[in-house]
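Here's the structure, in structure tokens; my notes come after.
Each reported figure results from applying straightforward, stated rules to the coordinates on display, with no laboratory input. Here the structure is a predicted model, which is why all the values come from computation and not from measurement. Cβ coordinates were reconstructed from backbone atoms using ideal geometry, including for glycine residues, and neighbour counts include every protein chain displayed.
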Amino acid sequence: MRFNKTTYFTILLAIGTLGLRAQDVKPPEKTVSEEIEIIRPYKPVLAEAVKLRRSPDLDNIKTYKAKFNYQLSDRKLELNTDIQKLQAQKVADERRAELFNNYVKGGIGNLGTFLAEAYVGMGQDPALQAGAFFRHFGQQGKLNKQNENKQQLSVFARSIGETATLNGKVNYQRHGLYFYGIDDQNPSLNPNPERQLLNFFELEGEAISKYTPDPDAFSYAAKVNGYLFNDRFSAKESALTLTGYLNKRISKFNLGLATSAELGKTKDLNTEVANNLFKVNPYVKLQAGGVKIIAGANLVQEFGTKSSTRIFPVVTADFTLIPDFLQVFGEVKGDVNRNTLKDLTDENPFLNSNITIKNSVENLSISAGIKGTGGPGFGYKARVYSREITDMALFVNSFDSFNKFDVIYDFGKTKILGLEGELSVQVSDNLKWTGKLNMENYKAGAERESYFKPQLRLSSNFSFVIDKKFTFDAAVSIQDDSKAKVFIVNPLNPDGTYPPVPDFDKERVVNVKGFVDLGVGGTYKINNKFSAFAKANNILNTNYSKFLYYRLNGFNIFGGLTYSF
């Protein structure tokens, strides 16, 4: 306790001394200083809470063993000092684009233009496809009854199996028009044009074997096509075509046989023709080292109203001089071409009644040319040809009805010397241009001219995509002058048929002026489902004719919307 008292006394004495110094008093004149020194031994003092009550057991020498779990992998030690290949990072799957199989399209314009179009297809399965297509287009010109409308409805299906591909189609076409032809020198000759209506119904089926790289593969194809055709009057036509193809590959050679049977019948009030063909084409093909040669024969048997047998050579050759850049090709062949009322009305719908149907014989056709590519997006083809045709079909204006056309046949041999060229340029996916040129020199047989056969035809198409939204299209069609026959007196025989040799004193030849038809169009993509389109035809507004007395429509423009779903 002495330690505590002494400590407390010392602290109090220090505090007191400080307190005396802190006071603001006048110090005494005499100062007394004392020094007190306390000496004692140091003795630590511990709190009760931290005292140890027992000593550790120094005899316990047991060691602690931790428990571990090991997983040993059976891996071969590779002593390879070569540089290892880097594994490419797998790219994430690209987001699948949203595709639409169906669309509807509609538009209107001047000249009473009306367009309605629709397409419906099933899914995106490449092995099974089916769909339907409908289209209606109607237009009315400025001339009396210059009305025309076309409808088409088609349903198709395709199935791709392991060994063969099957195709099927049902097609219906309707074409309504008037015989509105007008003679500018006698405009009152056709005050009330007659109405014409053409109907076409078609069924088609096809089976084709799939390609296989087997050097000894066997391939085949079979096709059947049948149709019915009629007009508003009494013309009717039916046809059935069966086509077969067999090919056996033996190393670099191919042995093949192509055959077809074309059975047809055309009937009108005063005419009835059974027009049938049977063709057999055996061939041998050699293909190796950039060379492809096909040699064979074409056996044609005509039967029905007329019967005849003909054999023609068929030889084609293709030589690759510079792979993908330059190929030289040539062909020599002959054939019998079956003329039908359907094909003739497709070319000229203003036909008269009781049309004569007759086959044309292509005695000899020789052609040669070059084709290839000049780099990505550039392709070309050019060829010259010479053809000799007996009984070539020609259109002439009827003597009794100037606004209707009869079909005559050049009873001699028509010789044709021609040049054909095609060019395609695709700078990118957004810029494309194509052009086609046909130049033909006709040397008629028994006739003076090959009527309505122009010597020059040129067509070109241009497409440009702007900012992935707007697509601009332009097309131009150029055709040279052609000739037409006009009868001064009735040229027909008493039975209503044309004489085998024309009488030039009963006819005259007139000129049908050529034309330039320029059209432009555009499509704007509003979003993934809607787009707007506009198209203008005959921008130069020229009054031209493809057939005598039938002036085509002038400038016309129409537009509308397309919805995809």
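Just need the relative contact order of segment 370-493 here, percent rounded to a whole number, with Cα pairs under 8 Å and 6+ apart.
Values: 278 pairs, mean separation 27.0, N = 124.
Normalised by residue count, the contact order of segment 370-493 is 22 percent.
Compute the angle between helix 2-22 and the longest alpha-carbon principal axis of the chain, please, reported from 0 to 90 degrees and rounded to the nearest 10.
The helix 2-22 is inclined about 70 degrees to the chain.
For the chain, what does the helix formula give at 222 nm: sum of -39500 (n - 2.57) over DSSP H segments with n ≥ 4, over the residue count, nearest 500 deg cm²/dmol? All intermediate terms of the calculation are to be shown ahead of the outcome.
On the way: 2 runs with 28 residues, N = 565.
It comes out at -1500 deg cm²/dmol, rounded to the nearest 500.
Would you mind giving the three semi-axes, in whole Å and largest first, of the ellipsoid equivalent to segment 350-421 according to its Cα gyration tensor? Please report the intermediate quantities before stating the final value.
Numbers: eigenvalues 261, 58, 15 Å².
Its equivalent ellipsoid spans semi-axes of 36, 17, 9 Å.
Quick one: putting +1 on the C-beta of Lys and Arg, -1 on the C-beta of Asp and Glu, what dipole do you get for the chain around its Cα centre, in Debye to the nearest 20? It would help to have the intermediate numbers written out before the result.
Working: 71 positive and 60 negative charges, 511 e Å.
Using Cβ point charges on Lys, Arg, Asp and Glu, the chain gives about 2460 debye.
So what's the Cα pair-distance distribution over the chain, bin width 20 Å, in %?
Whole-percent P(r) values from 0 Å outward: 13, 38, 22, 4, 4, 5, 7, 5, 1.
For segment 423-565, what mean projected area does the convex hull of the alpha carbons give, in nm²? Don't skip to the answer; put the middle values down first.
Working: hull surface 51.8 nm².
Spelled out: convex hull of the Cα atoms, projected over all directions, averaged, 12.9 nm².
Which value results when the Cα radius of gyration for segment 245-365 is divided by 2.2 N^0.38 Å? Each step should come with its number before you reach the end.
On the way: Rg = 18.8 Å, N = 121, 2.2 N^0.38 = 13.6 Å.
Scaled against compact globular proteins, the figure is 1.38.
Quote the convex hull volume per residue of segment 302-422, based on C-alpha atoms, as a whole number of Å³. Write down the numbers at each step before the final one.
Working: hull volume 17.6 nm³, N = 121.
Cα convex hull per residue, to the nearest whole number: 145 Å³.
Between Phe565 and Lys67, what is the FRET efficiency for a Förster distance of 60 Å, r being their Cβ-Cβ separation, to the nearest 0.05? It would help to have the intermediate numbers written out before the result.
Values: r = 68 Å, r/R0 = 1.13.
Taking R0 as 60 Å, the efficiency between Phe565 and Lys67 is 0.35.
Percent of Cα-Cα pairs more than 20 Å apart in segment 494-565, please. Can you show the working numbers first?
Numbers: 1540 of 2556 pairs.
That tail contains 60 percent of the Cα-Cα pairs.
Using only the Cα atoms of segment 322-370, each taken as one equal point scatterer with no solvent, compute I(q) by the Debye sum, divide by I(0), and report log10 of the ratio at q = 0.18 Å⁻¹.
The calculated log intensity ratios at q = 0.18 Å⁻¹ are -0.73.
How are the Cα pair distances of segment 216-273 distributed, in percent, across 10 Å bins from 0?
20, 31, 20, 15, 10, 3
Average the reciprocal distances over every distinct pair of alpha-carbons in segment 409-480, invert the result, and give the Kirkwood radius in Å. Numbers along the way, then the final one.
Working: mean 1/r = 0.0680 Å⁻¹.
Roughly 14.7 Å, rounded to one decimal.
Roughly what % of Cα-Cα distances in segment 134-230 sit above 20 Å, to the whole percent?
On the way: 2805 of 4656 pairs.
Percent of Cα pairs beyond 20 Å in segment 134-230: 60.
Using the beta-carbon distance between Asp216 and Lys150 and R0 = 51 Å, what value does 1/(1 + (r/R0)^6) give for FRET efficiency, to the nearest 0.05?
Details: r = 49 Å, r/R0 = 0.96.
Efficiency for this residue pair is about 0.55.
Pairs of Cα atoms under 8 Å, at least six residues apart: use those to get the relative contact order of the chain, whole percent. Don't skip to the answer; put the middle values down first.
Values: 1270 pairs, mean separation 42.3, N = 565.
That works out to 7 percent.
Run the simple label-point estimate for Leu242 and Val516 please: 7 Å along Cα→C-beta, distance reported in nm.
5.4 nm
Suppose the Debye formula is applied to equal point scatterers at every Cα of segment 114-185; what is log10 I(q)/I(0) at q = 0.13 Å⁻¹?
-0.57
Between Ser463 and Glu422, what FRET efficiency follows from the Cβ-Cβ distance if R0 is 22 Å, with the result rounded to 0.05? Working shown, then result.
On the way: r = 16 Å, r/R0 = 0.74.
The pair Ser463/Glu422 has a calculated efficiency of 0.85.
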